[in-house]
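Each remark here refers to the structure printed beneath this line.
What follows draws every value from the coordinates through simple rules; no lab data is involved. Only a predicted model underlies this, so the values are computations on that prediction, with no experimental measurement involved. FYI the Cβ positions are ideal-geometry reconstructions off the backbone, even for glycines, and counts take in every protein chain you see.
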Amino acid sequence: MGDTASECRIYPAAKAREKLAGACVGVAGCGGLGSNAAMMLARAGVGCLILADFDRVETANLDRQSFFTRHVGMRKVEALTEVIGETGFSPRLEKNPIRLDAENVFEVFAGAKVILEAFDTVESKVMLLRAFADERFSDTCLVAASGLAGYGSSNEIRTLQLGERIYMCGDQRTDEAEEGILAPRVVLAAAHQANMVVRLICEETAV
């Protein structure tokens, strides 16, 4: 007979791993939030990541994004594919080096169970939120982010449920233009997003 307490701890993790391995997650933007969250999701065992970002890695990105000096000038989706591969985990990666818009977002993320929003601009964030009013995303969840600037209390970063299928991570108030962006709160918000994605894959909808 095995140790019952140990079995109780291991069984839920094993079931979670099974669900994660069969899941596909869209990552809309591969910068500070997206690159860090994608790394966490790969390490958690998510079986497929759809990466979408038109941009290239710049030196100014290295203080908060999961890239290194050798990646400067590379497409972010290509650089992120490389660093995920170096973790030893091997999710299926779909790379889309394009600018997402109100038309192509449905095709790019057609296979995703959850989409993790990691855009830099308000306009892109609004575009994706509006897309969730379309029936083509009726079976998809969105985990977005707002408010992660500065160096305020870590406890202000939180996850909120805004609707049946929409979640928001961050402090909901800080502004990059006023307070700047530093790695600790970016990674905290990315971790909130990644954990909420894992919960949704494992059929846990409460924040």
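The mean sequence distance of close C-alpha pairs (under 8 Å, at least 6 residues apart), as a share of the length of the chain, puts its relative contact order at 22 percent.
Using a Gaussian network model of the chain in which every pair of alpha carbons under 10 angstrom is joined by a spring, one finds that among Ala13, Ala118, Ala145 the greatest mean-square fluctuation is at Ala13.
3J(HN,Hα) couplings calculated from phi for region 101-118 with the Karplus curve 6.51 cos²θ - 1.76 cosθ + 1.60 (θ = phi - 60°) are, in sequence order, 9, 5, 9, 7, 4, 6, 6, 4, 9, 4, x, 8, 7, 9, 10, 9, 7, 9 Hz; Gly and Pro show x. In a DSSP loop and with at most 12 other Cβ atoms within 10 Å, the trypsin sites (Lys or Arg not before Pro) in region 95-157 are Arg99. Between the exposed loop cleavage positions of the chain, defined as GluC sites (Glu not before Pro) in a non-H, G, I, E, B DSSP state with at most 10 neighbouring beta-carbon atoms within 10 angstrom, the longest gap is 1-85. Across the options Ala177, Leu41, Leu188, the greatest Cα extent toward the positive end of the charge dipole of region 4-201 (unit charges at beta carbon of Lys, Arg, Asp, Glu) belongs to Leu41.
Between Gly26 and Ile50, Lys113, Val114, Ile115, Leu116, the built amide H atoms are under 5 Å apart, and every one of these is 5 or more places off in sequence or on another chain. Tally Lys and Arg at +1 and Asp and Glu at -1 over the other residues with C-beta under 15 Å from the C-beta of Ala131: what net charge comes out? Around Ala131, the surrounding residues sum to -3.
Compared with the dominant Cα axis of the chain, that is its longest principal axis, helix 76-85 is turned about 30°. If you take the Cα centroid of region 55-128 and the Cα centroid of region 139-193, the two points sit 18 Å apart.
Across region 13-22, computed HN-Hα scalar couplings (Karplus, 6.51 cos²θ - 1.76 cosθ + 1.60, θ = phi - 60°) run 5, 5, 5, 5, 4, 5, 5, 5, 4, x Hz from first to last residue, x flagging Gly and Pro.
Here the Karplus curve 6.51 cos²θ - 1.76 cosθ + 1.60, taken at θ = phi - 60°, turns the phi angles of region 50-64 into couplings of 9, 9, 9, 5, 8, 7, 10, 5, 10, 4, 5, 7, 5, 6, 8 Hz, with x standing for Gly and Pro.
Other residues with beta-carbon under 12 Å from the beta-carbon of Ala79 carry, at +1 per Lys or Arg and -1 per Asp or Glu, a net charge of -1.
The residue among Val57, Gly31, Ile115 whose Cα reaches farthest toward the positive pole of the charge dipole of region 4-201, with charges on the beta-carbon of Lys, Arg, Asp and Glu, is Ile115.
Close amide H pairs (under 5 Å, H built 1.01 Å from N) link Ala144 with Glu117, Tyr167, Met168, Cys169, residues at least 5 positions away or on another chain.
For region 98-163, chymotrypsin sites (Phe, Trp or Tyr not before Pro) are listed when DSSP marks them as loop and at most 16 other Cβ atoms sit within 10 Å of their Cβ; the list is Tyr151. Principal-axis analysis of the Cα atoms of the chain puts helix 183-201 at an angle of about 40° to the longest axis.
Relative to the dominant Cα principal axis of the chain, helix 122-131 is inclined by about 50°. With K and R counted +1 and D and E -1, the other residues having a Cβ less than 12 Å from that of Gln161 yield a net charge of +1. Rounded to the nearest 20, the Cβ-based charge dipole of the chain about its Cα centre (Lys and Arg +1, Asp and Glu -1) stands at 500 debye. Comparing mean-square fluctuations of Asn61, Asn155, Asn36 from a GNM of the chain with C-alpha springs under 10 Å, the top value falls on Asn155. Put simply, the amide H of Arg158, placed in the peptide plane, has neighbours under 5 Å in Gly170, Asp171, leaving out anything fewer than 5 places away on its chain.
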